[in-house]
Amino acid sequence: MSIAARTPPQPGDALAGLTPATLKAIEAARPGYTPERGKAFLAFQSRLAGELLNHRVIVANRYTAWFSKGEQNEAQIRAFVVQFSVFSNQFLIAQLNKVINADTLEGMRASKEILANELGVAFRKPGESRTARAGGYDPEHVDTEGSVQGGIFHFEAGHIEWLWSIAKHLGLSFDHIGRRRHGTPATRFFCDELIRLYGGESYEISQAASYAVENWAAAGFWKELTEGFSRYNATHGTRIPTGFFVWHDRLEGQHARHTQEELEEYYFQGALDEDAFIRYGNEMLDGVAAFWDGLEQERQVLASA
Ligand SMILES: [Fe+2]
């Protein structure tokens, strides 16, 4: 028998998998934080793995897998940029509703961080000087960490303007992007679901939708899109700027760290209805899947364009 095997079991072993913040809270016996709740949360976490996070749009996105190869023709890449720009603009509405529907000051501010940044306020790390940084508002150089508090607004740092710089490269005019009427029924359905669920009035539903959206966004599709553009540029001898996608990929890398902590906090501090959380999370992901399915259909139609 090895020495390790003779080590007596540690009281925290049954709680392995919880974030350090939660383990500390249990140790300190904070209200709502008990070892039993900890075990119940871990059981819920396994349910999420088997009933939500295995959604096809997270584990097998056919469209982004195809896109990453960089084999699209011009019509296909343009169609992608148009649909993505519609989503990007409609997302502002969902995010504004999330700000309005927040039920705590902290929640409202967290949502405002995202909204203001989308519109063009760069994140600023504590202590960072207020003068514009080298690299300006080029997404390749803009921070993904910090707060919009005390940050500087630039029109050119609005995410839609980053997308516009891509669209211009592809010969699209401004009035061909961003507006709802340019969205396919699939894209519009996705945007409506974002507004209904993610930006909805029910805190319970919007928490589930946020968790679902964040896990989808952290699943690697930004990297696949960046790869696709880089490969397309190499084959076509073009220089479509990829900063928009690179920036979002960097951002999601950090979001993933916070998502788990947020879920645990929500679980321990409130009365989360597990079945409802899973149901609404899946409804949101079905909306996300509709968007990519729409793009998949469109690219097949445009294959011979
Ligand atoms: Fe964005």
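Taking all protein chains together, ARG109, ARG239 sort by accessible area into ARG239, ARG109, largest first [probe 1.4 Å]. Measuring nothing but how far apart in sequence close Cα pairs (under 8 Å, 6+ apart) lie, relative to its length, the chain scores a relative contact order of 28 percent. Near the amide H of SER147, within less than 5 Å, lie the amide hydrogens of ARG124, LYS125, all on another chain or at least 5 residues away, with H placed in the peptide plane. Kindly express, to the nearest 10 degrees and within the range 0 to 90, the angle between helix 74-101's C-alpha long axis and the longest C-alpha principal axis of the chain. With both axes taken from Cα atoms, the answer is about 50 degrees. Only Lys, Arg, Asp and Glu carry charge here, each on its Cβ (+1 for the first two, -1 for the last two); on that basis the chain has a dipole of about 560 debye about its Cα centre. Helix 105-119 axis versus longest C-alpha principal axis of the chain: approximately 20°, rounded to the nearest ten.
Charges were assigned to the Cβ only: +1 to each Lys and Arg, -1 to each Asp and Glu. The resulting dipole of the stretch 57-144 about its Cα centre is roughly 60 debye.
Restricting the stretch 144-213 to GluC sites (Glu not before Pro) that sit in a DSSP loop and have at most 12 other Cβ atoms within 10 Å of their own Cβ leaves GLU145, GLU201. A 1.4 Å probe run over the protein chains yields, for the chain, 50 Å² of accessible area per residue, whole-number rounding. Pairs of Cα atoms nearer than 8 Å and 6+ residues apart set the relative contact order; for the stretch 139-279 it is 31 percent. The lysine pair tally for the stretch 66-185, using Cα distances under 28 Å and a gap of 8 or more places or different chains, is 4.
Each other residue within a Cβ distance under 9 Å of PHE268 adds +1 if Lys or Arg and -1 if Asp or Glu, for a net charge of 0.
Let me cross-check ILE114: its accessible surface, 1.4 Å probe, with only protein heavy atoms counted, in Å² to the nearest 10? Roll a 1.4 Å probe over it and ILE114 shows about 50 Å².
How tilted is helix 274-301 with respect to the longest principal axis of the chain? Cα atoms for both, answer in degrees (0 to 90, nearest 10). The angle comes out at about 20 degrees. Every Cα-Cα pair in the chain was counted, and those over 28 Å apart are 45% of them.
Here the Kirkwood formula, the inverse mean of 1/r across different C-alpha pairs, assigns the stretch 138-201 a hydrodynamic radius of 14.4 Å.
Rounded, prolate or oblate: which one fits the stretch 108-233, using the alpha carbon gyration tensor with axes a ≥ b ≥ c (rounded when a/c is under 1.5, else prolate when a/b beats b/c, else oblate)? Oblate, since a/c reaches 1.5 and b/c is not below a/b. Among PHE244, PHE91, the order of accessible area from largest down is PHE91, PHE244, computed with a 1.4 Å probe on protein heavy atoms.
How large, in percent, is the carbon and sulfur part of the accessible surface of the chain at a probe radius of 1.4 Å? Before the final figure, lay out the partial values.
Numbers: 8400 of 15330 Å².
The nonpolar share, carbon plus sulfur, comes to 55 percent.
With the gyration tensor restricted to C-alpha atoms of the stretch 182-305, the semi-axes of the equivalent ellipsoid amount to 32, 19, 10 Å, longest first. Averaging the Cα positions of each part gives two centres, and for the stretch 136-202 and the stretch 268-303 these lie 20 Å apart. Listed values for the stretch 150-162 are Karplus-derived 3J(HN,Hα) couplings in whole Hz (6.51 cos²θ - 1.76 cosθ + 1.60, θ = phi - 60°), namely x, x, 9, 8, 10, 3, 6, 8, x, 4, 5, 6, 5, and x replaces Gly and Pro. Comparing the stretch 237-305 with the 2.2 N^0.38 Å rule of thumb, its C-alpha radius of gyration ratio is 1.66 (two decimals). Between ASP249, ASP275, ASP143, the GNM of the chain built on Cα springs shorter than 10 angstrom shows ASP275 fluctuating the most.
The values are calculated or read from the model by the stated rules, or taken from the named source; none is laboratory data. Model, not experiment: these values are computed from the prediction. A quick note on method: Cβ atoms are made from the backbone with ideal geometry, for glycine too, and the neighbour counts reach across all protein chains shown. Ligands, DNA and RNA are stripped out before the accessible areas are found, and what is left, the full protein with its side chains, is counted by its heavy atoms. Shrake-Rupley method; radii C 1.70, N 1.55, O 1.52, S 1.80 Å.
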